[in-house]
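S.K.: Would you mind keeping the following structure in view while I ask a few things?
The numbers here are math on the coordinates, done by the rules we state, and not lab data. Predicted model only: the values in this text are computed from it and were never measured. Neighbour counts are summed over all protein chains in view; Cβ atoms, including those assigned to glycine, are modelled from backbone coordinates with ideal geometry.
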Amino acid sequence: MRGERETPAWYRDAKFGIMIHWGLYSVPAWAPLDDEVVRLLGAGRTGPDGSGSGESAPEGSAGAVERSDPLARHSYAEWYQNTYLLDGPTRAYHRRVHGDRAYADFRSEFVAAVRDWDPAPWADLCAAAGGRYVVPTSKHHDGYLLWPSAHPNPHLPQWQTGRDVVGELGAAVRDRGLRYGLYYSGGLDWTFGNLPIHRMADVAASVPDAPGYARYVDAHWRELIDRYRPSVLWNDIGYPPAGDPDRLVAEYYAAVPDGVVNDRFSRDGADVRTPEYGTRSEIDPAPWETVRALGLSFGWNRQETAEHLLSATEVVRLLADVVSKNGNLLLGITPDDRGVVPATQRAVLHEVGRWLAEHGEAIYGTRPCEVPAAVTSAGVPVRFTRRDDVRYLIVLGDPGPEFGVPGLSLPPGARLRAVGPAAAQPRVRPGPDGPVLTVGPLPPAPAHVFAVSPGP
């Protein structure tokens with residue numbers, strides 16, 4: 001809740017969303033395989049309050065990374081337009097492969113890809129993965145629009161798609177029963193200047209402060225709201241100083257009463273905080289969402305292989321951890337230069353979806369328990385969620401045929417059942433440090449789930 005407004009229940013119940021970055025940067029699609037930015041964004045930001053801070057700085061925002069000036073080695077391929085101008089490996093790659101070709105020249109290949117693009121496989125994949133909402137980019141920092149806007153770029157002609165990528169994808173996503181949000185880079189637009197950005201500390205000063213840019217951003221957001229009625233406004237890198245985000249958000253709530261607004265609008269109040277590659281160590285009473293790519297980049301990096309991606313097991317365990325602490329997971333996928341999600345990513349998402357199809361009752365629609373976590377007597381991590389009077393134990397590994405959970409308290413006469421295709425229904429008996437669960441041999445799975453219900 002922010003002020004008097006409560007974060008909509010549909011969002012708190014959804015738990016798992018998919019973010020999609022696709023744009024001109026998907027044509028060169030290259031960045032160093034250096035996880036320094038990822039590590040620093042997530043490091044030390046696990047507290048639930050503002051002092052430690054539990055708030056990973058937004059992508060590229062001031063203060064996110066100060067210790068090593070990493071932009072020349074930025075692992076985010078969607079920043080290619082900025083990174084190839086800096087003295088580093090991306091510039092060397094660009095000169096070797098593309099010579100002195102300007103970034104804007106990649107538009108021709110992207111226009112061809114958009115012509116052949118099909119939104120159905122993206123929507124099918126998001127649904128198969130168990131995602132409940134989808135947030136694609138409508139404009140990233142390079143300013144290129146993925147819808148035919150009535151407010152074209154004043155500096156570059158035809159700096160937008162003729163085909164309505166945003167609208168067609170939205171229709172496909174909603175046809176599959178999923179919610180549809182939109183990402184828009186409100187703070188940065190490199191067609192308005194301020195390139196290159198050398199240090200993370202310079203990002204805030206790179207937000208265009210001209211009133212004309214504020215009007216441009218306001219017009220785009222209003223157009224996106226009017227045309228597509230997004231369930232989520234996912235702004236990035238702040239808002240133009242001359243803009244009026246409070247008025248924009250008020251108008252959005254009037255148009256979409258159960259809409260969700262993130263915390264990157266440079267305003268007080270938000271429905272959800274969005275740490276990047278960051279988690280929490282304890283339950284956060286306020287709704288939050290960890291946003292991260294499946295790999296090291298939100299845009300496709302042609303260098304990434306399966307070894308650079310989270311495995312399905314890692315995604316499931318991250319999701320369980322985040323949900324146990326009152327959060328959502330927004331997981332980024334990266335279509336390639338043809339608009340096809342790579343097979344390695346599709347394989348991970350399908351496996352995650354299979355797990356959620358069998359165990360999702362412990363994830364969707366749940367809320368945190370009194371404590372989020374424990375470990376079994378053998379040291380296997382456990383996460384707790386609840387729905388009404390049912391408590392779920394999500395064991396993040398194979399606990400063995402019999403295991404205890406020290407400190408776990410079960411009500412008298414509690415009933416225990418396995419969720420999903422467990423080999424046998426569990427039994428429980430008292431142990432010296434807490435209840436001992438006998439579960440028998442379990443099939444391989446990223447995590448095993450057991451539900452505890454009150455006795456009759």
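S.K.: Can you tell me, using C-alpha contacts under 8 Å and at least 6 residues apart, the relative contact order of the chain as a whole percent?
M.R.: Here the relative contact order equals 18 percent.
S.K.: Let me ask something additional. With each label point set 7 Å from Cα along the Cα-Cβ vector, what nm distance links D34 and D209?
M.R.: My value for the distance between the label points is 3.0 nm.
S.K.: Hey, another quick one. Which of the peptides 292-302, 103-113, 349-359 is most tightly packed, and how do the rest follow, judged by the mean count of other Cβ atoms within 10 Å per residue?
M.R.: 292-302, 349-359, 103-113
S.K.: Give me the number: length gained by fully extending N194 to D226, i.e. 0.36 nm times residue separation minus the C-alpha to C-alpha distance, one decimal in nm.
M.R.: 8.5 nm
S.K.: Another question about this same structure. Which one of Y277, A29, A171 is farthest out on the positive end of the charge dipole of the chain, using unit charges on Cβ (Lys, Arg +1; Asp, Glu -1) and the Cα centre as origin?
M.R.: Value computed over the given set: A171.
S.K.: Next up: How large is the dipole of the range 9-362 about the Cα centre if only Lys and Arg carry +1 and Asp and Glu carry -1, each at its Cβ, rounded to the nearest 20 debye?
M.R.: Roughly 380 debye, rounded to the nearest 20.
S.K.: Let's test the formula: R0 of 22 Å, r as the Cβ-Cβ distance of V97 and H350. What FRET efficiency results, to the nearest 0.05?
M.R.: 0.10
S.K.: Something else about it: Can you work out the FRET efficiency for the pair D116 and A201, with r the C-beta to C-beta distance and R0 = 41 Å, to the nearest 0.05?
M.R.: 0.50
S.K.: Kindly provide the helix-only [θ] at 222 nm of the chain, computed as the sum of -39,500 (n - 2.57) over DSSP H runs of four or more divided by all residues, to the nearest 500 deg cm²/dmol?
M.R.: So the calculated ellipticity at 222 nm is -7500 deg cm²/dmol.
S.K.: Here is a further query. Between G332 and residues 5 or more places away or on another chain, which pairs have amide H atoms under 5 Å apart, with H built 1.01 Å from N, and which residues are they?
M.R.: Distant-sequence amide H within range of G332: M19, R292, A293, L294.
S.K.: Now for a different question. Give me the extension gain from A150 to Y253: residue separation times 0.36 nm, minus the current Cα-Cα distance, reported in nm with one decimal.
M.R.: 34.8 nm
S.K.: Which FRET efficiency value, to the nearest 0.05, do you get for V340 and A9 by plugging their Cβ-Cβ distance into 1/(1 + (r/R0)^6) with R0 = 30 Å?
M.R.: Efficiency at R0 = 30 Å is approximately 0.30.
S.K.: Once the piece of chain linking R429 and S108 is laid out straight, how much longer is it, given 0.36 nm per residue of separation minus the C-alpha distance between them?
M.R.: Contour length minus the Cα-Cα distance gives 108.8 nm.
S.K.: Rounded to the nearest 5, what is the percent of antiparallel bridges among the DSSP beta bridges in the chain?
M.R.: Once the DSSP bridges in the chain are tallied, antiparallel ones form about 50 percent.
S.K.: Using the charge dipole of the chain (Lys, Arg: +1 at Cβ; Asp, Glu: -1 at Cβ; taken about the Cα centre), state which of S149, T438, G420 has its Cα farthest towards the positive end.
M.R.: The one lying farthest along the dipole's positive direction is T438.
S.K.: Next up: With a ≥ b ≥ c the root eigenvalues of the C-alpha gyration tensor of the range 309-443, is it rounded (a/c under 1.5), prolate (a/b larger than b/c) or oblate?
M.R.: It is prolate, given that a/c is not under 1.5 and a/b is the larger ratio.
S.K.: Need one number: % antiparallel among DSSP beta bridges in the range 125-274, to the nearest 5.
M.R.: 10
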